[in-house]
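Scroll down for the structure; my scribbles are underneath it.
FYI, it's all coordinate maths here, none of it is from the lab. Given the structure is predicted, the values throughout are model-derived calculations rather than measurements. FYI the Cβ positions are ideal-geometry reconstructions off the backbone, even for glycines, and counts take in every protein chain you see.
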Amino acid sequence: MALTESTMQTLGSQAPGFHLPDTISGQSLRFTDVSGEEGTVVMFLCNHCPYVIHVNDELIRIADAYKDRGIGFVAISSNDVENYPQDGPELMTKHAAEVGYNFPYLYDETQEVAKAYDAACTPDLYVYNSKHELYYRGRLDGSRPGNSEALSGKDLRHALDQLLDGKPAPEKQYPSAGCNIKWK
């Protein structure tokens with residue numbers, strides 16, 4: 001497992017569209033199907049990454065706290081399932097149920113969506129405003145498996161609060177870090 005940081009796309013860039021199968025509902029969803037009235041959090045996750053496993057509960061708590069405030073949430077897994085079968089769609093369905101995901105968990109088989117977002121790691125987090133412009137990209141907080149910082153979601157929560165309050169994007173945005181996306 002090599003620690004990889006996110007690429008920190010340019011703020012203000014437009015959210016790439018997608019049309020991917022949701023491994024929870026069985027439906028095919030687009031960005032506009034999962035976007036919230038006030039903003040949208042797009043998360044690149046996978047089943048087996050210890051960095052994702054470490055933050056899963058906090059991601060669920062944040063979605064619970066912000067969905068009723070007009071923020072949409074979606075997770076996407078783009079890993080190569082031929083070499084990493086534990087990230088395949090059938091196991092994504094099982095994993096989402098076991099963990100209790102309260103947001104769609106989409107499968108990006110071609111990896112085209114991850115490439116369009118310039119996603120590099122899991123977890124990789126993006127927040128878009130109501131106009132689908134990139135407002136925040138980066139980490140959930142400074143907690144990592146094995147370090148002493150408590151899991152709080154403070155960086156993502158701060159960005160969402162700023163967005164909902166109509167304030168400019170946080171000036172200081174730290175890259176997310178985790179396992180690299182497993183490219184084909």
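Annotations for the structure displayed:
- The chain: most fluctuating residue of G146, G36, G70 per GNM, C-alpha cutoff 10 Å: G146
- Working note: Cα gyration tensor of the chain, eigenvalues times five, square-rooted, sorted largest first, giving semi-axes of 22, 19, 16 Å.
- Reachable lysines from K167, criterion Cα separation under 21 angstrom, eight or more residues apart if same chain: K67, K131, K154
- Only Lys, Arg (+1) and Asp, Glu (-1) charged, at Cβ; the range 3-180 dipole about Cα centre in debye: 400 debye
- Distances between placed amide hydrogens fall under 5 Å for G39 paired with G72, all partners being 5 or more residues away or on another chain.
- Percent antiparallel among DSSP beta bridges (both partners in the chain, rounded to 5): 70 percent
- Counting only lysines at least 8 places from K94 when in the same chain, those with an alpha carbon closer than 21 Å to its own are K182.
- Think of the chain as a dipole: +1 on every Lys or Arg Cβ, -1 on every Asp or Glu Cβ, centred on the Cα centre; then among V74, Y101, Y126, Y126 lies furthest on the positive end.
- Helical segments meeting 20 Å axial Cα length and Kyte-Doolittle -1.0 threshold in the chain (DSSP H): 50-66
- Label-point gap, in nm, between A150 and D80 - each point 7 angstrom along Cα→Cβ: 4.1 nm
- Applying both filters, DSSP loop and at most 11 other Cβ atoms within 10 Å, to the GluC sites (Glu not before Pro) of the range 84-177 gives E149, E171.
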